[in-house]
Structure formats: structure tokens, C-alpha cells
Amino acid sequence: MLTLHITGDNGFDAEVVAKPRHILAFERATGTKFSELEDEVSMATIYQLAHLVMKIQHPQDTPVKLAEFEETFDVLPVADEQTPDPTPAGA
């Protein structure tokens with residue numbers, strides 16, 4: 001899963017979660033395997049995924065066209081919180 005913080009000129013401000021079914025839909029729509037993008041994901045790819053998730057989860061707040069979404073929304077990935085390693089340093 002991938003969490004994205006999305007804000008829009010229309011006042012939208014929330015975190016949305018791209019679940020496995022959203023990533024599957026992204027892969028089918030773009031022909032791109034998300035696993036191939038893990039090390040280097042472009043902002044264009046993040047915006048494509050965010051637009052798809054927004055159209056599913058918040059259709060009333062989301063422009064139909066990706067270009068308009070890109071012009072009126074900001075998208076930032078939210079870093080996953082890592083569980084601290086219980087092993088003491090130097091062990």
C-alpha cells in the first residue's frame with residue numbers, strides 16, 4: 001500500500017491510500033508493473049496513480065482529466081513509518 005497526501009486548489013486536503021486493487025488497476029491502465037518502479041518512481045507516475053485513486057475514492061473532488069488534476073492538485077508520498085529495530089546498536 002502507498003499513502004499519498006493530496007491537496008487541491010478546490011480545498012481538498014487528505015491522505016489517500018493506494019491499496020493493492022488500485023495498483024492493479026494502475027498496472028492494467030498503464031501497462032507498467034509497479035514493482036519495477038519501487039526504486040525510482042517519477043512524479044508523473046505518482047500523479048497518475050493519485051488521479052486514479054482519487055477518481056475511485058473521491059470522484060466528486062477529482063477532475064476527469066489527468067492534465068487538469070496535475071494543474072490543480074499537489075501530491076506527496078507519505079513515508080512509511082518503520083518499526084524500530086529492537087536489536088541494540090553494536091550487538
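Table for the structure above
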| read-out | value |
| --- | --- |
| Contacts under 6 angstrom Cβ, first residue in the range 63-80 being over 17 Å from A14 (Cβ atoms), partner open to solvent by less than 60 Å² (accessible area, probe 1.4 Å) and not in a strand (DSSP E or B), 6 or more apart | L66/H51; E70/Y47 |
| Selection count where residues are in a loop (DSSP other than H, G, I, E, B), hydrophobic (A, V, I, L, M, F, W, C) and within 17 Å of E71 (Cβ to Cβ), scope the range 8-56 | 1 |
| Hits in the range 24-33 (condition: open to solvent by less than 40 Å² (accessible area, probe 1.4 Å) and among the small types (G, A, S)) | A25 |
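Okay, residues lined up against (1) at pLDDT below 90; (2) surrounded by 13 or more Cβ atoms within 10 Å (Cβ to Cβ):
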{"site": "D9", "(1), (2)": "no, no"}
{"site": "A14", "(1), (2)": "no, yes"}
{"site": "H22", "(1), (2)": "no, yes"}
{"site": "S35", "(1), (2)": "yes, no"}
{"site": "V41", "(1), (2)": "yes, yes"}
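The values are calculated or read from the model by the stated rules, or taken from the named source; none is laboratory data. Just so it is clear, the model here is predicted, and its values are computed rather than measured. All Cβ positions, glycine included, derive from the backbone under ideal geometry; neighbour counts span all protein chains shown. These area figures cover heavy atoms from the full protein model, side chains too; ligands, DNA and RNA do not enter into them. Shrake-Rupley method; radii C 1.70, N 1.55, O 1.52, S 1.80 Å.
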